1. What do you reckon, how do B:Leu19, A:Leu42 stack up by accessible area (1.4 Å probe), largest on top?
2. In sequence order, what are the phi-derived ³J(HN,Hα) couplings for region B:82-88 according to the Karplus relation 6.51 cos²θ - 1.76 cosθ + 1.60 with θ = phi - 60°, rounded to whole Hz, with x for glycine and proline?
3. Alpha carbons only, please: Rg and Dmax for region B:108-185, in angstrom.
4. Please work out the FRET efficiency for the pair A:Gln48 and A:Val141, using the Cβ-Cβ distance as r and a Förster radius of 51 Å; give the result to the nearest 0.05.
5. Separation between the B:Glu73 and B:Phe6 pseudo-spin-labels, each 7 Å from Cα along Cα→Cβ, expressed in nm?
6. Considering amide H positions built from the backbone, and no H for Pro or chain starts, which residues 5 or more places from B:Tyr189, or on another chain, come under 5 Å of its amide H?
7. For region B:62-126, what does the equivalent ellipsoid look like in terms of its semi-axes, each the square root of 5 times an eigenvalue of the Cα gyration tensor, given largest first in whole Å?
8. Answer with one residue from B:Ile180, B:His36, A:Val88: the one whose Cα lies farthest towards the positive end of the charge dipole of the protein assembly as shown, charges on Cβ with Lys, Arg +1 and Asp, Glu -1.
Number of protein chains: 2
Amino acid sequence: MDSDSFIPDIVVGRLPLYLRTLQRMKQEGQCITSSHELGEKLGISPAQIRKDLSLFGEFGKQGTGYQIDYLVEKLRQILHVDKIWDMVVVGAGDVGHALSRYQGFSDRGFQVVMVFDNDPNKVGLEIGPFQIQSTDLMSQVIREKNIQVALLAVPADQAQEAANRLIEAGIKAILNYAPITLTVPKYVYVQNTDPVTHLQRMSYYLNF
Amino acid sequence: MDSDSFIPDIVVGRLPLYLRTLQRMKQEGQCITSSHELGEKLGISPAQIRKDLSLFGEFGKQGTGYQIDYLVEKLRQILHVDKIWDMVVVGAGDVGHALSRYQGFSDRGFQVVMVFDNDPNKVGLEIGPFQIQSTDLMSQVIREKNIQVALLAVPADQAQEAANRLIEAGIKAILNYAPITLTVPKYVYVQNTDPVTHLQRMSYYLNF
């Protein structure tokens, strides 16, 4: 198993779904599952699941299924979430507020450590368990703490500039909540989460 | 142009990104663009963009580019966002709060019309411009107003049951913020937005 070997990004994108489902099974006390059961829960074919997982090694045998505990541990290693990644939140509006209080990060490999905003009226206020920091301090903090992951929750017209500053300070992965497509260097990873693009992908199929 | 003809879902998924980028260009006063410019902004090849758009008709000519206004209107029609879809928010926690106040829906084809929660202590409180309603009323409201779209922002262990009730009442499209995979009938569309699956897709590529 070598995560440097080439794995298609579309496969990488399915691994967090496998992990999430397996962790939920584990929480519910289940010990063994099958590609069939996983496939039913995820709407992905069992053959696809077996093929995806086989890219990383031998995780189960025909007829005996997968040991959930073992597969969870392996997927956590593969996705590099067997440790906790520190994250900064940029933008202390409604989305930033929800992110700073979100309970679901830490047991899945991430934690917010600071929240920044460029509005002097917000700096110093509390947001969830954090005190809002000025973006003037942002680059320095990211460098000093060697933070690589940022949650970008600023208005669309400020997002590119904020992303530029984050990247210059050392951020390598941005989860972008602003409804624009960011332009970033090749070595920076961006995932976008815009509720409207999700909704429009569904409204295409709906009739008034 | 006939949205009943078969278009691959992966193409449908790119159309909202084209629309978003074109609308932004329009806002900035731009009138004409090219598949090359769109491709640069989106990180999608110009050939792919031309191929995607050609599935829906003739939108531009080699050498003259796309009329942004015209293409925006056509994409809005194709994605059925040339009207406004009413939506319900289920769950009045932090995410529900952010959704109920989100400013970016209405000019892109959607609006929140009601917010529901099953906590009697929350019912009647204000959330953004809404008063939180009891989920006891949810099915009736959805039926009466013929609402087809729901934003599901309840805890993971309540999400499947809430989805079942929504679907029974007539909801056809669910944007699911709960970190579980919902099981739904084939005629219901679900899109998932879980920050951690996005983050894990990036942490795969990062080194500690």
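1. A:Leu42, B:Leu19
2. 7, 10, 9, 8, 6, 9, 9
3. 12.2, 33
4. 0.75
5. Computed distance between label sites B:Glu73 and B:Phe6 equals 3.2 nm.
6. Here B:Ala173, B:Ile174 satisfy the definition.
7. Value: 37, 10, 8 Å, ordered largest first.
8. B:His36
The values are calculated or read from the model by the stated rules, or taken from the named source; none is laboratory data. What you are looking at is a predicted structure, and each value in this text was computed from that prediction instead of being measured. Positions of Cβ are backbone-derived with ideal geometry, glycine not excepted, and every protein chain shown enters the neighbour counts. Protein only, heavy atoms only, side chains kept; ligands, DNA and RNA dropped before computing areas. Shrake-Rupley method; radii C 1.70, N 1.55, O 1.52, S 1.80 Å.
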